[in-house]
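The values are calculated or read from the model by the stated rules, or taken from the named source; none is laboratory data. It should be emphasised that the depicted structure is a prediction, and the values quoted were computed from it without experimental measurement. Because the Cβ atoms are built from the backbone with ideal geometry, glycine has one as well, and the counts that use them run over all protein chains shown.
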Amino acid sequence: MIQLLDKKTKKTGRVYDRIAPVYDKFEAFIERKLFKNLRQKSLENLKGQLLEIGVGTGKNLQYYTTEAKVIAIDISPKMLERAKNKAKKLGKDIEFHLMDAQELKFKDNSFDFVIGTFVLCSIPNPIKALKEVQRVLKKGGKAIFLEHVLSKNKLIALLEHLHNPITSGLFGFNVNRNTRKNILNAGINIVSDEELAFFDVFRKFTCTKGG
Ligand SMILES: C[S@@+](CC[C@H](N)C(=O)[O-])C[C@H]1O[C@@H](n2cnc3c(N)ncnc32)[C@H](O)[C@@H]1O
């Protein structure tokens, strides 16, 4: 068992434990139409020590090659269990830990890559987790985040704010986070910030360790 930090983090873990059995089915359509392609393009060909935070049911695992030594963490035992099963089926040698991204148990400058996909929306204190990413990322390493964020378009942003109590209450994720600002506030450099889909909502951030 891990020592969870606070009530919100415990609650997030419980929400994901509850939805773990239906998570892949629930996301099947958008996964097929959008996420699959984004994951593949962003994650293939990564080499070296790689940490994935909030691995969920392990949707990214198929894209990592044997040139990456992958460690994956999540706060939800039930999501992690599914990721482990996926790795086994894929024949992938991946190390899994039940761990809070807001308090990583790794040494400073340990990873060539840190990956987070659709996770900064669900971690209760994303800046705390991003500061941990900044700490464990090697100089010269890269952090890659695929995220849905708060739109700059006022109408879309309003819809996101209105939807947020539903998505956060039922499914544990927020649709109205200013993730770009959070990354910068954690001291991480953003090398590129790309629009991927749904106007400016789905984005890919490629980042390096801040000074
Ligand atoms: C929306 S799911 C995304 C899962 C996966 N990354 C994907 O792309 O399908 C968010 C995941 O982040 C995990 N998570 C939330 N807060 C966390 C934390 N503080 N530390 C580690 N994992 C966390 C949840 O348990 C859940 O599995």
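Taking the criterion of being away from the ligand (no atom under 13 Å from the Cβ) and farther than 24 Å from Asn45 by Cα, no residue of segment 59-102 qualifies. For the condition within 14 Å of the chain's Cα centre (by Cα), crowded, with 22+ Cβ neighbours inside 10 Å, in a helix (DSSP H, G or I) and within 14 Å of the ligand (Cβ to nearest atom), Val133 qualifies.
Criterion applied to Gly187, Gly210 was being within 30 Å of Lys10 (Cα to Cα), in contact (Cβ under 8 Å) with a residue 60 or more places away in the chain and in a loop (DSSP other than H, G, I, E, B), and the one residue passing it is Gly210.
For every residue, the table says whether it meets (1) surrounded by 21 or more Cβ atoms within 10 Å (Cβ to Cβ); (2) over 20 Å from Tyr63 (Cβ atoms); (3) hydroxyl-bearing (Ser, Thr, Tyr).
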position	(1), (2), (3)
Asn109	no, yes, no
Ile123	yes, yes, no
Val149	yes, yes, no
Lys152	no, yes, no
Asn164	no, yes, no
Leu184	no, yes, no
Phe199	no, yes, no
Phe202	no, no, no
Phe205	yes, no, no
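Taking the conditions exactly as written (at positive phi and touching a residue at least 12 places away in the same chain (Cβ under 8 Å)), does Gly140 satisfy them or not? Against the criterion (at positive phi and touching a residue at least 12 places away in the same chain (Cβ under 8 Å)), Gly140 qualifies. Here the condition is being under 24 Å from Lys10 (Cβ atoms) and either within 16 Å of the ligand (Cβ to nearest atom) or not β-branched (Val, Ile, Thr) (or both); of Phe198, Phe171, Phe113, it holds for Phe171 alone.
Criterion first (within 12 Å of the ligand (Cβ to nearest atom), at pLDDT below 95 and of a type in the set (Ser, Thr, Tyr)) does Ser122 satisfy it? Taking the combined requirement at face value, the residue does not satisfy it. As a summary of the residue check, Gly56 satisfies the conditions (1) closer than 18 Å to Lys128 by Cβ; (2) modelled with pLDDT of 95 or more; (3) within 10 Å of the ligand (Cβ to nearest atom) except for the one numbered (1). For segment 39-56, a residue qualifies if it is crowded, with 22+ Cβ neighbours inside 10 Å and not in a helix (DSSP H, G or I), and the qualifying residues are Leu50, Leu51, Glu52, Ile53, Gly54, Val55, Gly56. For segment 185-211, the set of residues classified as over 17 Å from Asn37 (Cα atoms) and either among the basic types (Lys, Arg) or out of contact with any helix residue (DSSP H, G or I) (no Cβ under 9 Å at 6 or more places or on another chain) (or both) consists of Val191, Ser192, Thr208, Lys209, Gly211, listed by residue number. If you check Arg18 against the conditions, is it within 8 Å of the ligand (Cβ to nearest atom) and either touching a residue at least 60 places away in the same chain (Cβ under 8 Å) or outside any strand (DSSP E or B) (or both)? The answer is no for Arg18. List, please: which pairs have Cβ atoms under 7 Å, are six or more places apart or on different chains, and start with a residue in segment 40-53 that is over 11 Å from Lys142 (Cα atoms) and within 11 Å of the ligand (Cβ to nearest atom) and end with one that is of a type in the set (S, T, N, Q) and at pLDDT 95 or above? Between residues of segment 40-53 that are over 11 Å from Lys142 (Cα atoms) and within 11 Å of the ligand (Cβ to nearest atom) and residues that are of a type in the set (S, T, N, Q) and at pLDDT 95 or above, the close pairs are Leu43/Asn60; Glu52/Asn60.
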